[in-house]
Amino acid sequence: MSIRAPPAASVLATSSFPASTSSSSSTSLAKTDKDQPAPSTFETYAGVEWSSRRFLTWWIAAFGVATAARVACFEPAIFGNYLLKNLGPLERDKVGYSTILGVRAWDLLVGGIAWRFVEGVTRKDGALFGFIVTLISRVSLYTFEHTYLLLSRATTSTLLLTDIISLSLAFSLLPKFLPHSPTAKPTSTTISRLSRSPVFFVNIFLALGLATTLSGLIGFVGERVGGIEWVKTQVGELRVPSILGKGVLSPAEMLAKTTLPIPVLRASLTPRSMPVHLLSSLPLSLSLLPLPFLLPTFSPALLSILTFSLILPSTTGLLYDVFPISLPGALGIGLALATRAALDMAVIAWVTEELREGDERLVSFVEVVEIEGEEGEKEVLVVEGTAEVGTALEVELIEES
């Protein structure tokens, strides 16, 4: 049977453990340099775990894997023909692939640094961590492209899929190159806390609601204070030879106009309603939600900085490099999207802070508890359980005397 110990006899978990009473035992376990195991071949070339050389080795290997996967995705047999037809007409005449490579390298660098502080089940799943990092870095960008540029939802979804594949494969190398050491004690994860206290689901839904409302409100106000008109001034037109209009233009028209303009922006760009803004902001909030639980030791401010650093370089670089958008325009759009996402992250992290603080060490215990029976007689119970450090807990009866 299960009981809860009364306040006078609450069993409190503590993080103190008895120290060893024998100083000779630690001395006998001391190893000399000759006793240390020889480094493996992998450690010889890649460096020891969590060294700068090991991190650099992973970064180079991950960059190669991500680049190879991205190139494979753009093969005609996979997504190449589709993207050539639907994305190609809106691209600059000369796309600077060095910027794309730089954005990829930056994503890997920031994600690799954050990996050191990851907690929970994701510590062993680099691909899942890469999937979350990709969503944070790209969802704002592709939502903007679909909303303002002549790109369909299917095209932006295909671009997002190629990023997920390439970066997830790259981050999947993390457990091999930069593995986390096993914890000395079990860890109370967000999932376990939600299973014990379903009331915390209210925090999650509240965080989603507040973040989505804030993001939608920022977009709603931004469009009505000149945001759309400013974007129009920063996006140019592409021009193609008029011969491509054969069948639509007469020979005289083709001779009179050597080139034809190709619009990049949507023709009917008008301020959207608040419900539409809320609907388009929901994917951003959903993409940001997992990160605070993966990094429970990060404050809301630090999580906001991390989010900002993931979105600003990728949004600015890809918009300027791929589309006919001026550098000030791409930078302004990147700053706006990164700031909005950072504010959303601060709200999510702040609202769910109590739930995130549950990622604490667990301790097992066996205690003797004295309780009063129904008729006033005292009973002694031997109880055992597992709980978070410093919390009162429910105990399970294993013996009664």
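Taking a label point 7 Å from the Cα of residue 113 along the Cα→Cβ vector, which residues of segment 38-76 have an amide N closer than 19 Å to it?
Those under the cut-off are 50-63.
Quick one: Cα centre-to-centre distance for segment 114-175 and segment 266-337, in angstrom?
13
Tell me, what is the 1.4 Å probe accessible area of residue 79, in Å² to the nearest 10?
Only protein atoms counted, so the area is about 50 Å².
Could you quote the convex hull projected area for segment 34-178, Cα atoms only and averaged over all directions, in nm²?
10.7
In nm, what is the difference between 0.36 nm times the number of residues separating residue 56 and residue 195 and their Cα-Cα distance?
Full extension of this stretch gives 46.1 nm more.
Quick one: Karplus J couplings for segment 217-225, per residue in order, coefficients 6.51, -1.76, 1.60, θ = phi - 60°, nearest Hz, x for Gly and Pro?
Each residue of segment 217-225 in turn: 5, 4, x, 4, 6, x, 5, 8, 10 Hz.
With +1 on each Lys and Arg Cβ and -1 on each Asp and Glu Cβ, and nothing else charged, work out how big the dipole of segment 68-153 is about its Cα centre, in Debye to the nearest 20.
With only Lys, Arg, Asp and Glu charged at Cβ, the dipole is about 80 debye.
The values are calculated or read from the model by the stated rules, or taken from the named source; none is laboratory data. Every value quoted in this text rests on a predicted model; they were computed, and no experiment measured them. All Cβ positions, even for glycine, are placed from backbone atoms using ideal geometry, and neighbour counts span all protein chains on display. For the accessible areas, the whole protein counts, side chains as well, though only heavy atoms, and no ligand, DNA or RNA atoms are used. Shrake-Rupley method; radii C 1.70, N 1.55, O 1.52, S 1.80 Å.
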